[in-house]
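Written below as structure tokens is the structure these notes are about.
The values are calculated or read from the model by the stated rules, or taken from the named source; none is laboratory data. Since we're looking at a predicted model, the values are computed, not measured. Please note: Cβ atoms are built from the backbone with ideal geometry, for glycine as well, and neighbour counts cover all protein chains shown.
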Amino acid sequence: MVLYENNNFNNMKVPLSTNSLNLGTKYLGRNTLYYPEVESTNEIAISVAQNGGPEGTVIIADKQTKGQGRLQREWYSPKGKGLWFSIILKPNIDPIKVSQLTLVAAVATADAVSKVIGLSPGIKWPNDLLINGRKFCGILSEGQIGNEGIDYVILGIGLNANLDFYDFGLEIRSKATSLKIETGKHIERTQLFREILCQLEKCYETWLREGFEPIRLAWKEKNITLGQLVQVNSFQEVFQGKAIDIDNGGALIVKDKNNKIYSFNSGEVSLSTEY
Ligand code: BTN
């Protein structure tokens, strides 16, 4: 494992040593491992967490060659154009609540983008961030639960900062975007990275202290899924109905045309035209 202390984060300009980043957090990112290129920051974070890496450790890379997305997809992570990082958390909570953490991360990241960029992203369940109907940020959470509860949770955040339209492959051009495309301006990544960690620490602590309800309400305020006709692909089955709520575990509640209620803990949601 290499820790690039005081190493310039390429064109991020600000050195990514934990002190000079001036984080303003208590523990998130205080131990930050920067790599110019990795296969996947989530993969490294898992091995760091398994080897005793403390809560709050962040693994960040300038490029990923095998970035992992949800549902076994690849996450395109070209050099210098995004924020590709993974955070290690070790919450002492009932493992049943662990899926709520991805919603915590989505709310925090959306808040940080609003604050720094001035655009208010919508959240598509569970944790895709969209602007003008196109996705610019996704979150992949992975974890391990042992006999004594949660061993660790990894929150892997991929945010398209400075990708251009032609950086995206043909098949995702109509669905993907970047903050640069949406604002017409180059995005200074360090400031955004810092703000995401600040907001995440804040939301994480609220969640630990007060439970899921404040996060659920914040998520609902930003969501673009509820009230919509949706198609949910879950475990190779397809459901159609109206997304009506998220429950107090973060599951999506969908009502079909026969008023039958379904609840989804995982899956892929797209807007549907049929009911
Ligand atoms: C999604 O499919 O929406 C989730 C994408 C998550 C990508 C990030 S980039 C940093 C971290 N490392 C990975 O390999 N994946 C996550």
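Every residue, every condition in (1) surrounded by fewer than 17 Cβ atoms within 10 Å (Cβ to Cβ); (2) at pLDDT 95 or above, yes or no:
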position	(1), (2)
Asp151	yes, yes
Leu159	no, yes
Leu163	no, yes
Leu170	yes, no
Lys185	yes, yes
Gln199	no, yes
Thr206	no, yes
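Restricting to the stretch 30-57, count the residues that are assigned to a helix (DSSP H, G or I) and either acidic (Asp, Glu) or without any contact (Cβ under 8 Å) to a residue 12 or more places away in the chain (or both).
Selection size over the stretch 30-57: 2.
Right, Ser141: within 17 Å of the chain's Cα centre (by Cα) and more than 14 Å from the ligand (Cβ to nearest atom) or not?
No: the conditions fail for Ser141.
Kindly state which strands (runs of 3 or more DSSP E) lie completely within the stretch 58-137 and contain at least 3 residues that are modelled with pLDDT of 95 or more and touching a Phe, Trp or Tyr at 6+ places or on another chain (Cβ under 8 Å).
So the answer is 58-64, 82-89.
Would you call Leu179 buried (at least 23 other Cβ atoms within 10 Å of the Cβ), of a type in the set (A, V, I, L, M) and either over 18 Å from the mean Cα position of the chain (by Cα) or under 20 Å from Gly67 (Cα atoms) (or both)?
Yes: the conditions hold for Leu179.
Is there a residue in the stretch 127-150 that is of a type in the set (Phe, Trp, Tyr) and more than 26 Å from Asn31 (Cα to Cα)?
Within the stretch 127-150, one or more residues are of a type in the set (Phe, Trp, Tyr) and more than 26 Å from Asn31 (Cα to Cα).
Pick out the one residue from Lys202, Lys185, Lys180 that is in contact with a His (Cβ under 7 Å, 6 or more places away or on another chain) and away from the ligand (no atom under 15 Å from the Cβ).
Among Lys202, Lys185, Lys180, only Lys180 is in contact with a His (Cβ under 7 Å, 6 or more places away or on another chain) and away from the ligand (no atom under 15 Å from the Cβ).
Being farther than 17 Å from Asp164 by Cα and either surrounded by fewer than 18 Cβ atoms within 10 Å (Cβ to Cβ) or of a type in the set (A, V, I, L, M, F, W, C) (or both) is the filter here, so list the residues in the stretch 123-132 that pass it.
The answer is Ile123, Trp125, Leu129.
If Asp94 passes every condition in (1) among the acidic types (Asp, Glu); (2) without any contact (Cβ under 8 Å) to a residue 60 or more places away in the chain; (3) in contact with a strand residue (DSSP E or B) (Cβ under 6 Å, 6 or more places away or on another chain) but one, which one does it miss?
(3)
Identify all residues within the stretch 106-132 that are without any contact (Cβ under 8 Å) to a residue 60 or more places away in the chain and either under 13 Å from Lys175 (Cα atoms) or in contact with an Asp or Glu (Cβ under 9 Å, 6 or more places away or on another chain) (or both); write none if there are none.
Asp128, Leu129, Ile131, Asn132
Could you check how many residues of the stretch 144-171 are of a type in the set (Gly, Ala, Ser) and either within 14 Å of the chain's Cα centre (by Cα) or in a loop (DSSP other than H, G, I, E, B) (or both)?
Of the residues in that region, 4 qualify.
Residues checked against (1) touching an Asp or Glu at 6+ places or on another chain (Cβ under 9 Å); (2) within 13 Å of the ligand (Cβ to nearest atom); (3) farther than 28 Å from Phe264 by Cβ; (4) among the small types (Gly, Ala, Ser):
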residue	(1), (2), (3), (4)
Pro36	yes, no, yes, no
Ser40	no, yes, no, yes
Glu55	no, no, yes, no
Gly67	yes, yes, no, yes
Gln72	no, yes, no, no
Ser86	yes, yes, no, yes
Lys90	yes, no, no, no
